[in-house]
Structures are given as structure tokens and as C-alpha cells.
1. Could you check region 526-539 and list, in sequence order, the residues that are open to solvent by less than 10 Å² (accessible area, probe 1.4 Å) and either modelled with pLDDT of 95 or more or of a type in the set (S, T, N, Q) (or both)?
2. Counting just the residues of region 127-165 that are part of a loop (DSSP other than H, G, I, E, B) and over 17 Å from the mean Cα position of the chain (by Cα), which one comes out farthest from PRO498 (Cα to Cα)?
3. Against the condition closer than 24 Å to PRO314 by Cβ, surrounded by 15 or more Cβ atoms within 10 Å (Cβ to Cβ) and modelled with pLDDT of 65 or more, how does CYS185 come out, does it pass?
4. Mind checking which helices (runs of 4 or more DSSP H) fall wholly inside region 277-385 and carry at least 2 residues that are open to solvent by 40 Å² or more (accessible area, probe 1.4 Å) and modelled with pLDDT of 80 or more?
5. Return the residue satisfying two criteria in turn: it lies in region 638-695 and is polar (S, T, N, Q) and not in a helix (DSSP H, G or I), and of such residues it is modelled with the lowest pLDDT.
6. Looking only at region 648-669, which residues are closer than 30 Å to ARG534 by Cβ and either out of contact with any Pro (no Cβ under 7 Å at 6 or more places or on another chain) or hydroxyl-bearing (Ser, Thr, Tyr) (or both)?
7. So, in region 543-577, how many residues would count as being at pLDDT 90 or above, among the acidic types (Asp, Glu) and closer than 20 Å to ARG514 by Cα?
Amino acid sequence: MNYAEDRLDRRARSAHSPESEAGKKGDTPTQDQLARDLKRAYDVIISYHSRSDSDARPRSDDDDISLHRDLRAAHELAGKTLRDGGQNRQAVFHFGMAWRICHWLEKRNNNSFCRDTSSCTPGAKDEAENEWRSVGDYAQICELAGFPEIGALSLLFYRAGGNLDVESIALSSSTNGVSQQDYGCDLAECGTSPCFIAFPTKSNVVDDILQALDSLQLGPNDHVPTSSDILSHLAHLARNSSTIRDPVSAMHAFLSEQQSMKEVPSILQFWDDAGHISASKDQQQVGKIEYHVLPPVILLLLLKLLYSSPISGPFLKLSCISMPYLAGKFPPASAEGKLLARHYKSHWAYYVFIRSLVLGERMKKHRRGKGIHHVPVWDVVFGLEMQPQIIGPKKCEEEKKGSGPILEWEATTSNYCSKILHACSSKSIDPIAFPCITQQQISSFSAHPPIFVVGDSHVLSLAWQTLRIDLSKVPRVNGETQNENDQKQSLICRTAFPFPATGMKAWHVRPSSRFFTHYNLHACIQRLPPLWGRSIILSAGEIDCREGIGGSLLQGYYRNCGDAVERTVIEYLTSLTSLAEKYKLQILVMPVAPHAYRSEKNGKSVGRAKRRETMLLWNKILRRELGNGKKETDNPHSKYDRVFLLDYDKRLQHPDRTEFVLHPSYNADYTHVNSAVVPLVEDAILHCGCDMTSL
């Protein structure tokens, strides 16, 4: 359950053994090594089912528990192996089964009420801890399979004490007529669903969660504090940390003064681990509910899944509401924060990044809106931030009508989630099909149609912001004038919906790639709505520049860094062209943004300087290959059809430094940019030469 570890070029589990030649040499896994791991896991699973079917003799409790622990380990091994081979949908099944078995073991040890692991007996504590790890692994692989919303629901289900169907551990070991190469193993349910549902889709707990999500309504609210108010209170908590022992309780007291903050149902208050939240109406109706206490890493994972799920609505609002509590609970400089950063590097990095995007930085009110300005997502979600005004009579087409096409649909989150859960759990589903995020299923977060931003974590820089494209500023060629369609709609407004493929490198886009990020990218694209998913913004390359290019263990790169960058960029653009043709897309490529300046005192200045040079060269080659705003019709023989560069990286550079260093006003967390980049992206879209009618 560690993005940073999983993203590295993995070795098969068999390659770690001392007797393995691969383990001695440190080679990346071959298909044969992965196949050996899978066979080892499959033999244990088949042995369990064969013994269960043929052996009618009762087993002792110790033997039974030992047998199921071996079965759980086998499913985990199968899941990791299939994930490393890029077979994410098959991996979801095995991680889901591992969670079910952990739940069975906990119940077998009479730990169904062991909510807080600190109060469990030693044996019970092991199983309880294993279950939260198992559900965390399952939630993460759901995201990697293209279904972050299912991952989020599974974590909320676990916290609410939902019971899994322990009888479902017994599965048919008969084949489904498909070879192992296609489906990973011979179990009938392995890979038949795009996202295997490990928890019961029909249960009171699931119904309560979905109804609670429906109760979270987006929209302006005069009683909600601004992001600046929250930052001020967080600063107050930090200054008085010696006297305030419980910052979560103190933050709750502050937010409780706002009437709207009392509307969050207790079943969704996943940040609460000590009963800070007073009894609400839903508690009074249902009675006392004992919730699992979520470990810190699970809290961070759930925050990320809620914030980055491309359906917005209550998922987005819940992630924003949780942020003040989590920010009080995990200050960046705290001992627990440093521990999380050391053991769960990527989870912590996502938390710091999302915190910066949601709350922004403290800024005096009279300075807001002047110069380069980051718009905190908190203020956007709760209608506290006035969007930049367009000078003149122009308005978005949706604003002229009074409501956009998305607002015309009154679907609830429960309806949407129920459809997705039903589609993924249906026995008759086409194994190649993916349930789409259709236009009708997108929540009414914005009055504007979406534009999906797909790729690595940098897609979150644009998340939930509205892009306003003024067509009257599109560069004209040879005295060309506006056409009739431009005159009717001179302003296009699109809200950026993120769909991250976490850890994706540009090198993973290649059709021959067998990494889990490659599968994740295609799963995300296949789920895009047919009407609004024809143009996407795509981000990749920063991880290549930061930790990939030039590495001696990476196959396919030359030892000369300049040659490696050039080959990687060309391979990347060629693969994007194939991707655009396969899915009939128009792809707008984001450049690699520079990192912010860091002190040179910690001994990493040489490595950072080299990365800046690599990023600068990367963008230079992108610019050379894709041109500088030439229209597709101007170059009919272009080898990169339907692929366009958003050329704005030079404007991100610090004006007072010669190196490729990020301007402080765009800095989110020293690695990513904040939403102040939106005007640069808007201008880059105007000048990239793309087909505006496809936006």
C-alpha cells in the first residue's frame, strides 16, 4: 500500500530470494518470473479449494486459521504479481479475496468488536491490523483499475463496521474457458469484472453510506468559513500546541460555530477517531454505532480517493470538509507527519499537495485577486471565491442559458454508485467493457461541461478549476476572420475533472508496456463519457525526469542522458498518437513544470540541478516535435496527429534565476504547481492549434 514503492520498476517476489539469479543481479522481473510467482500462489489456492471440497473431516481451529492465513498470503501474492504484470482487473479480484479472508480471520478470532487495535489481544490485534492493510490494498488497486470511487466506498464500508460475506471465500476452481495468459489464473471470477466488488453491494451499511453522501449538497453557503479563516485557525492551533492536546476537537469546536458544518452524517466523518463529533440525527435514528479507527495512512488514502474521483459532488465536498480536521491532526512538521513521510512517502506527498490545493496559503484579503493568484478549491466548492470576470458582454454558452447541460440532470450520487456497483458485480458483464462516467452521471458540481485531465499527479493542479477559453483571441492565419460558429459561442467554459493514473511515466504510455500504470491510463480513458471525453489534457514526464531517465536498471534508455531524453520524448509522442487514434481523442499535452527552489544545504543540489536540465531539455524536445501553435490543417503530414502541446512552461520560470526554477507564486508543494497556472493553460489552449470544436 505504498505508491512510491509500487511505482518503481518492480521485481518479482521470486527474484527477491537469495538463491535467485535475478535477486543477486537486481534485474527487473521477466514474464517467466512473474509466471512462477503466479503458479506458486495458484497452487495454494487450488489446494485449499480441493481440500475443502473433498475433505469432510472437521479441522481444528488452529489448522483452520493456519490454512486461511496461507490462503490469504497466496491471494496477496497473486494480486501483487498480476499488478506488476499490468493485469490490474485480475489483481483487484485477488486483493478483494485477501480482504474477505482477513475479515473471516478477525471474526473467527472473535474480534468483530475490536475497533481500536490498541485494545485488542495480541492475536486479535494482528488480524485487525491485517484487515486494515488488506482493505487499504484493495482500495488502492481499485483506483489503479480505474475505479477510485469503489476504493473510497470500500474504506467507508470498513470504517462503518460492515460485514463481508464470509461464505464467499469458497470459490469455484473451474476454469472459465479463458487461458491463464488472458485472465491471470483459472479461477472463474478472476478478471471477469473490470473491478471486482469485495463487499456486499446490497447491505444496510452501503445504503446508509450512499444516503449520507446524497445529503451532502454542493453550493454557496454563507455560514462556511473561507479557506483563509481555516488557515488562521490552524496557525492558532500550532502556536498553542503545548496547551491544545486535541487539535481535532479544537477544530471541530471552531467549525461547529458554522451551522453548515453540522450537516455531515457521522457515518462519513472518517477523520473522527475519539468521539469528537456530537450525536447527529442519523445516529439518533440508527442508535450507537461503533466505527473502526482508521490508521493515519488509511486516512490519507481515503482523502486522496475522495478528492481525485472524477465524479466530484459529495465525494469532493467530503474531502474538502475533512481537510481542516486532517490538517490539524497531521501538521507537516509534526513527528507523526515525518514518520508518515518516511514510511508512506507518496501518500504523504499527496496529502501535502491536496492540502495546498484545498486551503491555499494565508493571504491578506486586499491582496487576493491581484497578480498571480491561486484559487483554493475550498472556496470554489463552497462558492466563496468569485471567478475572474470577463471584460465585455461575453459569457459562457451555459451561463447564457442559465444552467448547463450537467445541471439539467438531477441524478443522485447513490444512483450513480449503485449503477457502477451493479455493473461491476454483474455476472453477465462483457469482460472488456468499462462502465463509463456518462454525462448524466456526473454530479452537478459545476454549470459547465467537464474537460478531463488524465495522467500523473500533476493533473490535480487543474482539478475542479474552470477554464475559460475566449475564442475571439484564437490566432488567425492569413487574415482569416471568425467563423459563424465562433461568433455564436465566443467563450468556451470547461471545468477540469481530474482522473489521475498515479505514478505514470511517459515511458509507460508505450503500447508494449506491461506496467500497472499503463493499464490504469487505458482504464481511465475507456471510462470517459462519450459526449465530453473527446478532448483530454494529459500529463506525464515529470517522474521520468525526476527518477527514471538515465537509470542503469531501466531497459530501453541510452546511457547518454540527452539521447535518453530525446528517445523517450519521441516514443512518448508516438504512443500518444496511437492512443489518440485508438480512442478518437484530441490530446493536449502538458509540459513538465519546473520544481521550486530548495536550499542547497542538504547536499542534494547537484541532483536537483541535473533534474532541472533534464526537464528543460524535455520541454525543448516537446516544443520541437509538436511545433509552436501550428494548426493541424497547416501540417497535414504531421507524424503526431491529434496531439498538441500546451506551451506555457517558460512562463512558470522564476524571473530572477537563470536555472529552470519555479516562480514562487505557482508553487504548491515544491514539486507541483497550484491553480494559478490556470490562466497560462487557457492561453496555451488558444495558441496550440487544436480543434476548438472538440473541446
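1. Within region 526-539, SER535, ILE536, ILE537, LEU538, SER539 qualify.
2. Ranking the candidates gives ASP165 first.
3. On the way: closer than 24 Å to PRO314 by Cβ: no; surrounded by 15 or more Cβ atoms within 10 Å (Cβ to Cβ): yes; modelled with pLDDT of 65 or more: yes.
Considered against the rule, which asks whether it is closer than 24 Å to PRO314 by Cβ, surrounded by 15 or more Cβ atoms within 10 Å (Cβ to Cβ) and modelled with pLDDT of 65 or more, CYS185 comes out as no.
4. So the answer is 335-343, 345-359.
5. Quick first cut of region 638-695, residues polar (S, T, N, Q) only: 638, 653, 658, 665, 667, 671, 674-675, 693-694.
Then keep just the ones that are not in a helix (DSSP H, G or I); that gives 638, 653, 658, 667, 671, 674.
Values: SER638: 70, GLN653: 91, THR658: 75, ASN667: 93, THR671: 92, ASN674: 95.
Checking each candidate, the answer is SER638.
6. TYR648, LYS650, ARG651, TYR666, ALA668
7. Number of matching residues: 2.
For (1) at pLDDT 90 or above; (2) under 30 Å from THR693 (Cβ atoms); (3) surrounded by 13 or more Cβ atoms within 10 Å (Cβ to Cβ); (4) of a type in the set (Asp, Glu), each residue gets a yes or a no:
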{"position": "GLN586", "(1), (2), (3), (4)": "yes, yes, yes, no"}
{"position": "VAL589", "(1), (2), (3), (4)": "yes, yes, yes, no"}
{"position": "VAL592", "(1), (2), (3), (4)": "yes, yes, yes, no"}
{"position": "HIS595", "(1), (2), (3), (4)": "yes, no, yes, no"}
{"position": "SER599", "(1), (2), (3), (4)": "no, no, no, no"}
{"position": "LYS604", "(1), (2), (3), (4)": "no, no, no, no"}
{"position": "ARG611", "(1), (2), (3), (4)": "no, no, yes, no"}
{"position": "LEU616", "(1), (2), (3), (4)": "yes, no, yes, no"}
{"position": "ILE621", "(1), (2), (3), (4)": "yes, yes, yes, no"}
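The values are calculated or read from the model by the stated rules, or taken from the named source; none is laboratory data. Computed from a predicted model, the values in this text were never measured in an experiment. Cβ atoms come from the backbone with ideal geometry, glycine included; neighbour counts cover every protein chain shown. The area values use the complete protein model at the heavy-atom level, side chains included, leaving out ligands, DNA and RNA. Shrake-Rupley method; radii C 1.70, N 1.55, O 1.52, S 1.80 Å.
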